[in-house]
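Encoded as structure tokens, the structure appears first; notes follow it.
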There are 2 protein chains.
Amino acid sequence: MIAKIGGAVVGHGGMGDFHAHRMEENPEVDFIGAYDINPERTKKLPGNGKAFSSLEELLADERIGLVTVATPNDTHKEIVIKALEAGKNVISEKPVTMTLADLDDMIAAADKAGRVFTVHQNRRWDPDYLAMKNIFDKNTLGKVFCIESRVHGSRGIPGDWRNQKEHGGGMVLDWGVHILDQMLMMTFPRKLASIYAHLDYVTNENCDDGFHVEAIFDDGLVYRAEVGTSNFISLPRWYMLGENGSAVIRDWDLNGEIVMVSDWENRDAVPIIAGVGLTKTMAPRTDDTIKHYPIERVEGDWRDFYRNVCAVIRGEANLIVTHAQQRRLVKLLETVFESAVKNEVVKLSL
Amino acid sequence: MIAKIGGAVVGHGGMGDFHAHRMEENPEVDFIGAYDINPERTKKLPGNGKAFSSLEELLADERIGLVTVATPNDTHKEIVIKALEAGKNVISEKPVTMTLADLDDMIAAADKAGRVFTVHQNRRWDPDYLAMKNIFDKNTLGKVFCIESRVHGSRGIPGDWRNQKEHGGGMVLDWGVHILDQMLMMTFPRKLASIYAHLDYVTNENCDDGFHVEAIFDDGLVYRAEVGTSNFISLPRWYMLGENGSAVIRDWDLNGEIVMVSDWENRDAVPIIAGVGLTKTMAPRTDDTIKHYPIERVEGDWRDFYRNVCAVIRGEANLIVTHAQQRRLVKLLETVFESAVKNEVVKLSL
């Protein structure tokens, strides 16, 4: 039987409560309690969770070996470093921080303390992402030349600090961190060659409530990542184009399909009327030259994230979400903002 | 009764034959005949059309007042100028030419000859375009911040000179000319502030078989125009986002809808599970805060193009497709290629 690791949460909002429950359910973790600057938020905790009255009290509790930080984005750095210095292993919510310089300070603190430090990139286990990555990895569509990843909602940025720039709000640092992390993971080991980004300010003058990023990789692969929060009609979640076929996943439920060409040479289309003109190029294919396939589900279990952290703390595994990956991601976030502010293509080798 | 204008076609391929038939059907035009460098192509002409044995013979025919040029793109300039110098009024197929310098030579020739010179931008009458322009013009969605126009096929570039760069092939100069002309017409009188473009070379190493253009206008409007020819699954033809609603037209048959918010303030969403995480931002709206509307068809008649040309020849109207519009469009085409070749954002005021 493995000795349980005492777990605690700092910042008990929506995501903090999520982590508290996951710790409570986790057979490898003993959920000790949580601290929030607003004591109202820790009145109800899962299990026998204790409401700590200060961060210092929590960090002084020797039962606690693992602290998950789920505070607003601009406070991660200070709390993570304090927790590491107190000898805790630390999970930070995403984005780990807003600048590479801050991240490097955090990594240095982890190295100095000799403790585990990682980031909750939970959407590496999203079924839609895993299904699309599987199609890409297996080369199902032939050489892929374009991947499009979109997350569309229509509620603007709901409430609290998430729409305040000074607290690290905005969609690049919210959903962007997820879908850009997925981009880097799916396309690894390719290197990013250029970034073009545009930010939206539809519902909010100070804080991006949507964005469009066009990344070009060193082998020519184009990857478009987009978040919108004023989209009352959604485009598909995923769209992938290969030389021999296309794949689409329309929603979180993995509705979608793969369409493969079965007869590439058969291009002798009969022109169709499209609008007021004729087109041979855009004549739809008939079913004798294409085949339809369903989207294959891939097994994945988000709980592997905490399992991995616990195993790393016990010295039995390497981190899934590594410092090198986080450095690359934060550098990409910086590049997205740089491109958008300048309205320029930023060329790089990342 | 109006005196008929004698009409002829130079270049009797797919589009030339289209024009020959439209002239033959047109009560204001007397279709005289056609010339093609390949005599096989003029063996069958509509009505009593004559197969001319040379361009010179055609231009010397005094019955002919209007010549439509439907030859490969790289030959428009020479033939158009010869026809103008022979005293003919001239319609060029699109793209009128590939460089602004060439276009200016053609315009100078028209001015010198005192003849009508215009370009067949037929897709200004496409029902899908007119329906989307109507939504935009009426401000149906509130302030529009993003328009996306996509044309997706899966046959590569079918046959002939259209996939040969030296003849002006490629999708920027084919479908691009249409959808970028629509962009300039829909958004007029806004000015283009920047262009970012990426070209695809999926089926062909020398000639773009797809492209993605992101245009930003001086008021911040983002307009994305995209053509793909290796897309076995199509994204919607049109997608428009306004502050209060979204519109989509999925196909040439105008399948689509408008979704408008009826209660913007109601953002207090219940978080949903999306992938392995919770999201309040991306929780779909329920029908109590949105309303669905059909796409309204707008009356339009492509035959207005030839009617207009005939009226201009008679001195009774001004051109619909003007020299100024064509200069702006060709400058935009040049900018698209410049941006794509450099992989840079080109800033301009156009």
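The values are calculated or read from the model by the stated rules, or taken from the named source; none is laboratory data. Fair warning: this is a prediction, and the values are worked out from it, not measured in the lab. Here Cβ is always computed from backbone atoms with ideal geometry, including for glycine, and neighbour counts include all displayed protein chains. What goes into the accessible areas is simple: the full protein's heavy atoms, side chains included, and nothing from ligands, DNA or RNA. Shrake-Rupley method; radii C 1.70, N 1.55, O 1.52, S 1.80 Å.
Any idea of the total accessible area buried by the B-A contact, 1.4 Å probe, rounded to 100 Å²? Show your work: numbers first, answer last.
Numbers: alone 17070 and 17060 Å², together 27680 Å².
Answer for the B-A pair: about 6500 Å² buried.
Label-to-label distances for A:Lys138 across copies, nearest first, come out at 4.7 nm, using points 7 Å from Cα in the beta-carbon direction.
Relative to the Cα centre, what is the charge dipole magnitude of the protein assembly as shown, using +1 at the beta carbon of each Lys and Arg, -1 at the beta carbon of each Asp and Glu, and rounding to the nearest 20 debye?
20 debye
Expressed in Å, the radius of gyration and Dmax of the Cα atoms of the range A:88-234 are 16.7, 49.
Solvent-accessible area per residue in the range A:42-99 equals 41 Å², computed with a 1.4 angstrom probe and all protein chains kept.
Helix content alone sets the calculated 222 nm mean residue ellipticity of chain A: runs of n ≥ 4 DSSP H residues at -39500 (n - 2.57) each, divided across all residues, give -8500 deg cm²/dmol. With label points set 7 Å from Cα along Cα→Cβ, the inter-copy distances at A:Gly159 are 6.2 nm, sorted shortest first. Picking from B:Glu24, B:Glu62, B:Glu296, which is most flexible by a Gaussian network model of chain B using Cα springs under 10 Å? Result: B:Glu62 has the largest fluctuation of those listed.
Could you work out the per residue convex hull volume over the alpha carbons of the range A:1-134, in cubic angstrom?
On the way: hull volume 17.5 nm³, N = 134.
In the range A:1-134, the Cα hull volume divided by residue count equals 130 Å³.
Shielding value for B:155-162 is 5, the average number of Cβ atoms from other chains within 10 Å of each residue's Cβ.
Restricting the calculation to Cα atoms, the range B:274-345 yields a radius of gyration followed by a Dmax of 23.7, 69 Å. When the Gaussian network model of chain A links Cα atoms closer than 10 Å, the mean-square fluctuations of A:Pro294, A:Pro95, A:Pro236 top out at A:Pro294.
Between the residues B:Thr75, B:Asn26, B:Ala3, the greatest Cα displacement towards the positive end of the dipole of the range B:1-92, with unit charges on the Cβ of Lys, Arg, Asp and Glu, is found for B:Asn26. Based on alpha-carbon centroids, what's the gap between the range A:252-301 and the range B:1-47 in Å, whole number please? Result: 36 Å between the Cα centres.
Using a Gaussian network model of chain A in which every pair of alpha carbons under 10 angstrom is joined by a spring, one finds that among A:Ile179, A:Ile249, A:Ile37 the greatest mean-square fluctuation is at A:Ile37. With the convex hull of the Cα atoms taken as the outline of the protein assembly as shown, the averaged projected area works out to 32.3 nm². Averaged over the residues of peptide A:221-230, the number of Cβ atoms from other protein chains lying within 10 Å of each residue's Cβ is 3. Of the chymotrypsin sites (Phe, Trp or Tyr not before Pro) found in the range A:148-243, the ones in coil according to DSSP and having at most 16 other Cβ atoms within 10 Å of their Cβ are A:Tyr201.
The ellipsoid that matches the Cα gyration tensor of chain B has semi-axes, each √(5λ) in whole angstrom, of 41, 22, 19, with the longest given first.
Among the residues of A:231-240, the average count of other protein chain beta-carbon atoms within 10 Å of the residue beta-carbon is 6. Counting from the shortest, the label point at A:Ala317, 7 Å from Cα toward Cβ, is 7.2 nm from the same position in each remaining copy.
Over all directions, average the projected area of the Cα convex hull of the range B:223-327 and note it in nm². Provide the component values of the computation, followed by the final result.
Working: hull surface 46.9 nm².
So the mean shadow area of the Cα hull is 11.7 nm².
Within the accessible area of the range B:233-350, the carbon and sulfur atoms contribute 48%, probe 1.4 Å, all protein chains present.
Please report the base-10 log of the normalised intensity I(q)/I(0) for the range A:171-214, using a Debye sum with one equal scatterer per alpha carbon and no solvent, at each q in 0.21 (1/Å). Per q value, in the given order, log10 I(q)/I(0) is -0.73.
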